[in-house]
Ligand code: SAM
Ligand code: SF4
């Protein structure tokens, strides 16, 4: 699948639920209204859509949410996707908050998952509670170590927030080095109403990187995961650090991905509203050929890039939907 700007679309991110057991301040408001279950694609519908994408050239699928591991029976989907590994599909990955990993890490590994991303913005238990509104850090840490014990490579994702966790990146980098995890820092993106002022939280990663360089030797590397992060080797730890900078850097030129929501809506760009509805197609009983045609048509509408701007006067998000809808 080649989009109108010559980019090969090989990466599908699939949100399997909009629900979550946490309420991170940059992601959700405290009182979220979640979708009724009947609106969600069934696991079979999700698998059928994934299979169609794989036939059309998708080689990497990331399962995300909301918190993907709170979706009931989600391991069944991992099992089915695992069977497609080596048959067009090269990699199945997961982005999780880690809270349910103690329960699921071994099954994930047995399904063929090799790498996962776990979100952890702080190592401070009190701050963790504040950022996630009601999360318990022990649960996430136990999950992370269960994943490591199951043989999964873990990358820690941390959203950089001014005045919240900005003093902690040295410690996080050292902790990741100690335990053999890569670290990826993410700038806050203006998505979804979160009942708070986001412009106060925004911290450009160019600033963070300059500060880190005072203590760490960050060496340029060609390492790529197929994602938008720019990576450096950290000489002192032997691990990597990545920076995802949608706000200070245009990360669209090499975009290879599209995003499917749990209701079967395909967004061709994280930062744009244009979409394609696959749920109604699936439920109208389309053939596989028709499904593939609809996917090709959607890819032909992939825009050149996003246009994130924080509207400072009105403090409105530039994209109305929450990150938990399209899965980040
Ligand atoms: N619940 C899982 C988790 O937290 O990893 C998966 C879904 S979450 C929406 C995916 C990623 O998006 C997380 O790393 C989270 O920190 C990040 N995220 C959520 N809202 C964001 C925002 N407004 N700006 C930047 N990153 C955000
Ligand atoms: Fe849940 Fe992940 Fe959003 Fe936090 S970032 S509220 S863990 S979906």
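Note on the range 11-326: Cα-only Rg and Dmax are 18.9, 59 Å.
Ranking of 262, 27 by neighbouring Cβ atoms within 10 Å, starting from the fewest: 27, 262.
Provide the FRET efficiency to the nearest 0.05 for the residue 136-residue 207 pair, computing r from the beta carbons and using R0 = 41 Å. So, using R0 = 41 Å, E works out to roughly 0.85.
Compute the helix-to-body angle for 43-55: its Cα long axis versus the longest principal axis of the chain, expressed 0 to 90° and rounded to tens. The two axes meet at around 90 degrees. Placing a label point 7 Å from the Cα of residue 296 along the Cα-to-Cβ direction, the residues of the range 25-69 with a backbone N closer than 18 Å are 49-59. Relative to the longest principal axis of the Cα atoms of the chain, helix 101-111 runs at roughly 50 degrees. By the beta-carbon count within 10 Å of each Cβ, the least crowded to most crowded order of 169, 145, fewest first, is 145, 169. Over the chain, Cα pairs under 8 Å with separation of 6+ residues give a relative contact order of 22 percent. Seen against the Cα atoms of the chain and their longest principal axis, helix 137-149 is set at about 70 degrees. Rounded to 0.05, the FRET efficiency of the residue 76 and residue 253 pair, given R0 = 35 Å and the Cβ-Cβ distance, is 0.40. So, in Å, what gap is there between the alpha-carbon centers of the range 212-263 and the range 76-127? Cα centroid to Cα centroid, the span is 19 Å. Once the gyration tensor of the Cα atoms in the range 1-73 is diagonalised, the equivalent ellipsoid follows with semi-axes of 27, 16, 10 Å, ordered largest first. Among 244, 2, the order by Cβ neighbours within 10 angstrom, fewest to most, reads 2, 244.
No lab work stands behind these numbers, since they all come straight from the coordinates. Just so it is clear, the model here is predicted, and its values are computed rather than measured. When we count neighbours, we look across all protein chains shown, and the Cβ atoms used for this are built from the backbone with ideal geometry, even at glycine.
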